[in-house]
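The values are calculated or read from the model by the stated rules, or taken from the named source; none is laboratory data. Since this is a predicted model, take the numbers as computed values, not measurements. Please note: Cβ atoms are built from the backbone with ideal geometry, for glycine as well, and neighbour counts cover all protein chains shown.
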Amino acid sequence: MRRYVQTPGPIGRFSELSLAQRAGPLDLLYTGYGLLVVAVVVASYVLGAFGWLPDDPQAINVGLINAPPFTSGHLLGTDFLGRDLQARLILGIQAYFLPGLLAITISLAGGSILGVLAGYKGGWFDTIITYFDNLLDSFPRLVLILLVIAAFKPDIYYVMVVVGITGMPVIANLIAGKIAFLRQMSFIEAAHALGLPAHTVVLKHILWLNCRALLVIQATLGMAEAILVETSLSYLGFGVQEPTPSWGNMVQAGANYFLQGNFWPSTAPALAILATILGLQLLGDGLNNLLEGKRRK
Amino acid sequence: MSRTILEVTDLRKDYSQRRGLISMLTGQERVIPAVDGVSFYLRENETVGLVGESGCGKTTIGRTVLRLTDPSSGRIVFDGRDITKMSRAELRPLRREMQMIFQDLDAGLNPRMRVRDILREALTVHERPRDAEIAGRIRELLEQVSLKESKLTNFPSELSGGEKRRVGIARVLAVRPRLIVADEPTSALDISIQAQVVNLLRDLQKNLGLTYLFISHDLPVVELVSQKVAVMYLGRIVEMGLAENIAHQPRHPYTGVLWSSLADKQTTEVTRRVTNVAVERERRNWGVFDFEQPASGCRFAPRCPLYKDKGRPAICTDPASEPQLRDVGHGHVVACHFA
Amino acid sequence: MKFAAVKPVSRVLARELAVTALLLLGVSVVVFAILYLAPGDPLNVLLEGQSPRSELALGMREALGVPRTWYGQYAAWFGKMLQGNFGNSIRTGLPVLPELARVGVYTLTLTLGSLVLTLLIAVPIAVHAAAHGGTAGNTAATLVAYVLSAVPVFWFGYIVVYVFIHQFGMFPLISGTAAKQEHAWLYFLVPIFVLGIASGTLSEMIRHLREELSRVLAEDYIRTARAKGAPVWRHAFKEGFLIPVTEIMSAKIPFLLGGAVIVEQVFNWPGMGRMAWQAAQDRDFPVIMGIALVAAAFVRTGNLVQRVIFTAVNPRASRE
Amino acid sequence: MDAGTLLAIENLRTYFYSRAKRAFIRSVDGVSLGVARGETLGIVGESGSGKSVTALSAAGLVTAGPGVISGRVDLHSNGTRRNLLDGLENYARFTEQDGRVMAVEKDERGWRKHSDRLMAGVRGKEIAMIFQNPRSALNPYSTIGKQLVETIRLHTNFKGEREAKERAIHWLERVRIDSPGLRFDNFPFGLSGGMCQRAMIAMALSAEPSLLIADEPTTGLDATIQSRIVDLLAQLKTETGITTLLISHDISVIQRLSDRIAVMYGGTVVETGRAAEVLAPGATARHPYTAALLASIPSAETIRRKSYLQAIEGEVLDTIDVPRGCRFYGRCNRVTEAIRENCAGIEPPLAEIAPGHKVRCWLYPAAGKA
């Protein structure tokens, strides 16, 4: 039984409705949670960068190994060497934040350029860029990264360049799709007919006005992807090495104890990964419904 | 008599249909002559109607004349200057004097911009007016297209069909054009709104001295607004002359078929000779007829009532004697052996 | 008319094969570029199987007429590859290709198995959402899918392994080869279960299938089908279900292969993933290069199959 | 409703909901229409007038929420009288505030199942439909022959593969498609708009329905092709005597095919009557909207004198912000001081001003109910 109610009085106009009124309750929830996660991540990065941590992440305390959460002095307990988990989790963000930003910057910049070339210029560009997209999509990302690791023994930033490059096709396709949508309603042709120069059409009308929402959404999803890749790598032992903490190597370190029934050292970082990636994906979806409206164009 | 503002001679435009990567490499392209040698001229403050079925090339002419697509050959002279080969940069200042109203109501209306910003951008494309002046100009434009001031803060998605068309026209008027190519300006609108837009376009022509190339398949409207009408068939003009002659004394059989297809005979007395369109072969996504291999000789022969009545005369399908436009009295031209 | 329908399909098939070949060529160029640019000259190691560059080796190489220019090296490398010679593993000295063939089967079953499992979860949720719109149950299911897609697959693996230790007392060291144990088939399915649930592709699959099916159900020809009293499913099946499913499967194979590397690590599963990890660890170029090429070939094959199904189903595509 | 009526729609209301404006889109707001056996009723109206939604509601094809909320649709065919909206009140309830529906509760899934059960054997068999933009209304993944055979095997006793195909080709001939044997195996994208529409007409009529609903059959086609399709519909009507509910915004199409005409505006019927009375050039008594609509089309006279069209001012009503009084009051040019207060405040009833000719306007109150 679905209920529809019309409030009496004058009918509001869509343009005057605030963003919140326009969105459905679910979208607000998703976006809210997502923004909370982003805030926590940024805050943790700042704390970690300046070293304002609740405890010394490296301080080994043999007497207090694998302490459960809420033991005195250690809100989130300690790991297998008695180091404070909360501090290590906060510091663990360092491994993702900047590399993640690098990856999404490359994806957004490269994707936008390719997308505009394919959509706006079209013709040969379209064919070449579609080929390039399919080529990049052919590699499982992790396998390609392992190849790069084997070849260059790179640090995290090299890896994030690869993640950035492999993220370009998705964005290029979305932007080309958006341009096709505008072209199909003769918008592009009308802009040229009026005499608008190409750079205005591309930068202002296409990228800024019609694609900014899309780019923000892809940035959040891109960050989630970067974190996923980095945690997998550090789990495999290629990311940040002990004793510097990263969520991936913390989960890995706690593995043996996990199998003996002491879950917490491995679960805490895993939940941190889960909460962050879930937050970013929900934020992406929520923003999409809010800014783009239901139609996915 | 008013000056000639636009003169088009032997305009040709071919579309090549590329199909995917492989065929591009192997060069299999199907070339379709959308516009196959068209010549006409437009006199200032006059309206020429361009009619024909979908796929006859009338829309392509509209876009080619404004150099929105580049012609394959032929000459386009606007206001005495040959713009056929002009570069984008050279063309830009001229661009303001010749504008286009698109069939799609949303053309030119960025879904993310409010009406005020759309008009402001149009006003600042070619000039740099001060803010006060812009507000004044916007009010003036609203009056010209009789649009309420309250609409300025709306997004295009909140406007009705009629309002979208008015904003579209205001956006074009902002650059003070002299020639407007109107491509099916009324076909996407309801009847009552169509009438408003037709009246509006005629008022603008009177007040601003505009010249229209009025492209439409809505024959009564074309008859009403145009002094001269050109009838197009498969990329060629088959008949051109004063609107009333075209409607009431058509010399080309196709013009007769076109006007007779007007379901009710309110407007014209031409006896209704509906041809049995047995040859309605569909050419995939290109007009109604098999375009690549146009019948040799006169292209209309397969559907032509005269051709059947006169016992399929050879001259009609003789490739050497494709009928050319010839004058049949005070400027009325027709391309038919038996006109 | 029937015969004409067959001819173009084969023509389109040829086109798809050509595109796939072109892409595989591109893949080999990318892989070659990475190896060529890498310090330590992995390429020459590959070509002659000797230790990396040293003065003596350089002279020797001149004498043997090893190509100097990069395209010469590419041609040599590509030529050897075509004969199936992917070079030998630095660690084990064994030829790479036969090794890959032996372990490839495990990764194949793991990937395809988990792909099918993810589909089995995604399809009902998507179909229900498309047919009945956002009911409470459906929103909950989609949210659960979101959470599952965000779960780190290795952690989820630990949980499953832990449950096993409690249930069956122990977990085989190499789960893939535990044929003798009485729960052998169970150990075989566990990694597939883990990757199927936590591969991170669940929410994306649901969204794609739901959107495509909703779009098709709103098409004019479905309304005509309902108007003529015909079953909607018979009309909506091809464009609304078959094509989106094959699309999403082929699109998600790369992600599942990536996930396989992790799951094989968690479960000591003897597949290409673990081998890739090992190769990356020891900078064993021939192996990791071989794996990258085989994985890319696998992805392209998946895409080819999807393109063929699309062409067979969509009459217009086969006429192009 | 006399015995001759085939379909009787009574006080039909179909609403949709605009989430952005938090208000109802009152597409069909109390429509009553009757179609006599063998007759063609033409419904004409501009976009948003509710003409298509009325037809879709009668055939139970409305999917968006809340959809049909009240009314009756009685179908009198082969001896039985059935209400196609029977039991609607169990699934849809609404509350009104001073005469206007402000809240609706509807069990959409429940109603859809119930309606599909009610319509089993009716939709497609008794009532067949053809739509606009024929090429997108046919299944692009199967040939027109197969789609035709599907209908025949569903609704007629030509069950066998071969005899169904023969029957299909027979119908392709009746709709005058050239070389039907060849066209049988064509896909919709390989046919012209006109050919697809003929295939759809064949598909609808092959089920030998009692009622054909044609929703904008000529929209999206070229002028010359449009008149061919109109000729075809006229010929098939004389050949089969099929009862037709024709919906179009093109007045000339309605004039040529309809026996009786209903003019719709803002979700209600503003005028019904015999074609000669309603849309004939000379007819006198006429609803201001109908008169203004006819005046909007350039007549020979207007063209010869190049005079201005009598365009109706203002925009088409968007049926969300529905005014209190007469829906056309905002754009009406025949409001006199005597009736202005009524026009603005009270919606006029659909009153009979001549046998069979009804008008919803305060200019003609005498004959109508107060």
message: I need a count of the residues in segment B:312-339 that are outside any loop (DSSP other than H, G, I, E, B) and closer than 13 Å to B:P253 by Cα.
response: 2
- prompt: Has segment C:165-187 got at least one residue that is modelled with pLDDT of 85 or more and more than 13 Å from chain A (Cβ to nearest Cβ)?
  reply: no
statement: Of all helices (runs of 4 or more DSSP H) fully inside segment A:1-106, the set with 1 or more residues that are at pLDDT 85 or above, within 14 Å of chain D (Cβ to nearest Cβ) and touching a Gly at 6+ places or on another chain (Cβ under 8 Å) is A:25-50
- line: Residue hits (segment B:171-200; buried (at least 23 other Cβ atoms within 10 Å of the Cβ), closer than 27 Å to B:R67 by Cβ and out of contact with any Lys or Arg (no Cβ under 9 Å at 6 or more places or on another chain)) are B:R171, B:V172, B:I180, B:A182
- prompt: Right, D:I152: within 11 Å of chain C (Cβ to nearest Cβ), part of a helix (DSSP H, G or I) and either modelled with pLDDT of 90 or more or buried (at least 24 other Cβ atoms within 10 Å of the Cβ) (or both) or not?
  reply: yes
query: Just one of B:R128, B:R96, B:R67, B:R43 is more than 18 Å from B:V172 (Cα to Cα) and charged (D, E, K, R); which is it?
result: B:R43
task: Check D:R123 against each of (1) out of contact with any helix residue (DSSP H, G or I) (no Cβ under 7 Å at 6 or more places or on another chain); (2) within 9 Å of chain C (Cβ to nearest Cβ); (3) among the charged types (D, E, K, R) and name the one condition it does not meet.
output: (1)
- line: D:M129 passes all but one of the listed conditions (1) within 14 Å of chain C (Cβ to nearest Cβ); (2) over 23 Å from the mean Cα position of the chain (by Cα); (3) at pLDDT 90 or above; the exception is number (2)
- request: Output the qualifying pairs, or none if there are none: Cβ atoms under 8 angstrom, residues six or more apart or on different chains, first residue in segment B:51-66 and within 14 Å of B:Q103 (Cβ to Cβ) and modelled with pLDDT under 85, second residue among the acidic types (D, E) and surrounded by fewer than 24 Cβ atoms within 10 Å (Cβ to Cβ).
  value: B:S54/D:D222
query: Just checking, which of B:S192, B:S187 is within 30 Å of B:G55 (Cβ to Cβ), without any contact (Cβ under 8 Å) to a residue 24 or more places away in the chain and either in contact with a Ser or Thr (Cβ under 7 Å, 6 or more places away or on another chain) or more than 7 Å from every other protein chain (Cβ to nearest Cβ) (or both)?
result: B:S192
task: Residues being touching a residue at least 40 places away in the same chain (Cβ under 8 Å) and either in a helix (DSSP H, G or I) or of a type in the set (F, W, Y) (or both): count how many of those fall in segment B:145-172.
output: 12
query: Restricting the search to segment B:273-321, which residues are modelled with pLDDT of 55 or more and either within 18 Å of D:L221 (Cβ to Cβ) or facing chain D (nearest Cβ under 9 Å) (or both)?
result: B:R303
query: Could we say that B:V48 is buried (at least 17 other Cβ atoms within 10 Å of the Cβ) and modelled with pLDDT of 90 or more here?
result: yes
message: Can you go through A:I277, A:I227 and tell me which one is touching a Phe, Trp or Tyr at 6+ places or on another chain (Cβ under 7 Å) and not acidic (D, E)?
response: A:I227
- prompt: Of the residues that make up segment D:156-170, is at least one within 7 Å of another protein chain (Cβ to nearest Cβ), closer than 17 Å to C:T224 by Cβ and part of a helix (DSSP H, G or I)?
  reply: no
- line: Residue pairs within 6 Å by beta carbon, gap of at least six or interchain, first lying in segment C:207-226 and within 14 Å of chain D (Cβ to nearest Cβ), second of a type in the set (D, E) and in a helix (DSSP H, G or I), listed first then second, are C:V216/C:E239
task: Inspect all residues belonging to segment D:38-56 and state whether any of them is on the phi > 0 side of the Ramachandran plot, more than 14 Å from chain B (Cβ to nearest Cβ) and outside any loop (DSSP other than H, G, I, E, B).
output: no
query: Residues A:I277, A:I206: which one is buried (at least 21 other Cβ atoms within 10 Å of the Cβ), β-branched (V, I, T) and at the interface with another protein chain (Cβ under 8 Å from one of its Cβ atoms)?
result: A:I277
field: Enumeration of residues in segment A:222-242 that are assigned to a helix (DSSP H, G or I), hydrophobic (A, V, I, L, M, F, W, C) and facing chain C (nearest Cβ under 10 Å)
entry: A:A224, A:I227, A:L228, A:V229, A:L233
field: Any hit, segment B:124-131, residues being within 14 Å of chain A (Cβ to nearest Cβ) and either surrounded by 16 or more Cβ atoms within 10 Å (Cβ to Cβ) or touching a helix residue (DSSP H, G or I) at 6+ places or on another chain (Cβ under 6 Å) (or both)
entry: yes
query: Of all residues in segment A:130-168, how many are away from chain C (no Cβ under 11 Å) and under 30 Å from B:R112 (Cα atoms)?
result: 3
- request: Mind counting the residues in segment C:234-271 that are over 14 Å from the mean Cα position of the chain (by Cα), more than 13 Å from chain A (Cβ to nearest Cβ) and surrounded by fewer than 23 Cβ atoms within 10 Å (Cβ to Cβ)?
  value: 11
query: Only one residue in A:N249, A:N262 is polar (S, T, N, Q), in a helix (DSSP H, G or I) and more than 8 Å from chain C (Cβ to nearest Cβ), so which one is that?
result: A:N249
query: Which members of segment B:72-104 meet the condition of being buried (at least 23 other Cβ atoms within 10 Å of the Cβ) and assigned to a loop (DSSP other than H, G, I, E, B)?
result: B:F102
Criterion (among the acidic types (D, E) and touching a residue at least 60 places away in the same chain (Cβ under 8 Å)) met by exactly one of D:E105, D:E173, D:E126, D:E161: D:E126
- request: Among the residues of segment D:199-221, count how many are assigned to a helix (DSSP H, G or I) and farther than 21 Å from D:G38 by Cα.
  value: 1
message: Please go through segment D:242-269 and give me each residue that is in contact with a Pro (Cβ under 9 Å, 6 or more places away or on another chain) and of a type outside the set (S, T, N, Q), ordered by number.
response: D:I242, D:L246, D:I247, D:V253, D:G266
- request: Go through segment D:1-37 residue by residue and tally those that are out of contact with any Phe, Trp or Tyr (no Cβ under 9 Å at 6 or more places or on another chain), more than 10 Å from every other protein chain (Cβ to nearest Cβ) and not β-branched (V, I, T).
  value: 16
task: Would you check if there is a residue in segment C:85-96 being part of a helix (DSSP H, G or I), aliphatic (A, V, I, L, M) and either surrounded by fewer than 20 Cβ atoms within 10 Å (Cβ to Cβ) or within 21 Å of the chain's Cα centre (by Cα) (or both)?
output: yes
